[in-house]
Amino acid sequence: MMYTNTAMTLFNHYLNDHQEDCYQKVILNQVFWNNDEGANVIKMGLEAADKATVFIPLDVAAKDSKTYCTAKDFQRLAHEEKNNYWTLQIGDKMLCGALELEITADTIISDLDQLLDGVVTITRIDKKDFGSRFMRHWEVGGI
């Protein structure tokens with residue numbers, strides 16, 4: 001079985017019917033969250049490295065029984081259907097731990113970056129769908 005050490009809060013981005021930025025919050029109950037420190041050396045100097053790497057089991061349970069769907073399928077869902085699903089996509093936000101703060105249409109996600117320590121923007125998603133069913137996971141990185 002995959003070792004997990006915390007819950008995480010994920011903020012899925014989408015555009016509403018008026019083409020306004022919206023975020024849907026979902027809490028994933030069991031993930032392995034690893035904070036990273038460092039930078040990558042490239043020809044032109046230093047480049048920021050991931051701030052966090054998160055290992056999410058493919059069979060992770062989401063609070064409120066939300067079901068995983070692909071990013072493309074999530075974006076195709078009607079606004080009222082999105083509340084039943086969650087996804088992983090580049091640009092979404094994530095936070096270590098279960099944040100109980102209510103996210104509404106009036107909540108501006110950039111406020112979260114300023115109000116809370118540790119908000120990470122997803123920059124990398126790798127699906128590791130091999131090995132035993134207990135080891136299959138997504139490896140998600142962010143800055």
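Bear in mind that the values in this text are calculations on the coordinates, not laboratory data. Computed from a predicted structure; not experimentally measured. Positions of Cβ are backbone-derived with ideal geometry, glycine not excepted, and every protein chain shown enters the neighbour counts.
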*By a straight-distance test (C-alpha under 23 Å), which lysines pair with Lys82 as possible cross-link partners, with residues fewer than eight away in the same chain excluded?*
Lys25, Lys63, Lys66, Lys72, Lys93, Lys127
*Sticking with the crude label model, points 7 Å out along Cα→Cβ, report the distance from Ile90 to Thr123 in nm, one decimal please.*
1.2
*What ³J(HN,Hα) values, in whole Hz, does the Karplus curve 6.51 cos²θ - 1.76 cosθ + 1.60 give for the range 74-81 when θ = phi - 60°, with x put for Gly and Pro?*
4, 5, 7, 5, 5, 3, 6, 7
*Can you give the extra length, in nm with one decimal, that the chain gains between Glu100 and Asn83 once fully stretched, where that is 0.36 nm per residue apart less the Cα-Cα distance?*
4.5 nm
